[in-house]
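Novice: Before I ask anything, let me first share the structure, which is written out below as C-alpha cells.
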Amino acid sequence: MRLVFRFTLMLVLAAFPVQGLIAQPLPNAPARFAWVSVDDIDALFLQPDGWHFMYNKAKLRGSFVISREPPDINFRFETGLSCYAVNNLGKMNGRLLSEQVDEYVRNLGNHEAHDILSTASITLATYTGASIRFRDNSNEKRIINHRLYLANDRSDTLLIINFESPEAIWSKTWPIGEVLVTRFILDASKASSGS
C-alpha cells in the first residue's frame, strides 16, 4: 500500500506542525493540480496547472523544482518549490540525520539575514525532522521560505523541501505552496493507483 503523507499545517502558537501519515491508495490530485513522479527518490509531488517542473540532474539525487515561472539555467526562480535528497550524510558525519536536523534549523536562525517566523518538529513513521518558516532579507524582495527537513535514519536520507516566494506576494502564493509542502507521497512504488 502506498504511504500518503498528508500534512495539515495549522497556525498554532505561530508554529506550523505537520500532522498525519495515512496509508491509502493514490488520491486524486486536487483541482488544478497533477501528480508528477520523482522516480529517483520514489516520490510523487503535486504540480499546479501552468507551473513548471524541472529536474536538476547535475545536482543531488531527487533534485527538482516546481515553479510558477520557468527556472533559469541555474534553476533559480522567484516562486516555487525545490527539493533535494542527500544520501549518506549521517554516515559521513558519524551521527544520525535526525540528530543533525536541529543543527540545520539553528544555523538558519543564526544567519544574520534570516528572521525565523516559526518552527515545529515533525515525526512521521520513519521520518523525523522539522519545518521552519523564515524570511530571507538578503534579497531586496525579502523572500519567505517554508522549509521541511525530513530525515530517515534507516536509509540515511535527508529530504530538504522548500517553498519560497517574495514576501510582497506571499499571501497570494502560500495557498498553493501549502498544498505543495503538505501533500506529497513518499514510497510511491509501494501502492496501486486509486481514485
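Novice: Using 7 Å Cα-to-Cβ label points, what is the SER171/SER138 separation (nm, one decimal)?
Specialist: 2.8 nm
Novice: Taking the beta-carbon count within 10 Å as an exposure proxy, list THR123, THR157 from fewest neighbours to most. List each step's numbers first, then the result.
Specialist: Details: THR123 12, THR157 22.
Placing the least packed residue first, the sequence is THR123, THR157.
Novice: If I take R0 = 25 Å and measure r between the Cβ atoms of LYS91 and ASP40 in this structure, what FRET efficiency does the formula 1/(1 + (r/R0)^6) give, to the nearest 0.05? Mind dumping the intermediate values first?
Specialist: Numbers: r = 19 Å, r/R0 = 0.77.
FRET efficiency, LYS91 to ASP40: 0.85.
Novice: Continuing with this model, one more query. Taking region 49-181 on its own, what percent of its Cα-Cα pair distances exceed 23 Å?
Specialist: Numbers: 3099 of 8778 pairs.
Cα-Cα pairs of region 49-181 separated by over 23 Å account for 35 percent.
Novice: Additional query: How much length is gained on full extension from SER189 to LEU117, taking 0.36 nm per residue of separation minus their Cα-Cα distance?
Specialist: Values: separation 72, 0.36 × 72 = 25.92 nm, distance 3.54 nm.
That pair, SER189 and LEU117, stretches by 22.4 nm at full extension.
Every number in this text was worked out from the coordinates using simple rules, so none of it is lab data. Model, not experiment: these values are computed from the prediction. FYI the Cβ positions are ideal-geometry reconstructions off the backbone, even for glycines, and counts take in every protein chain you see.
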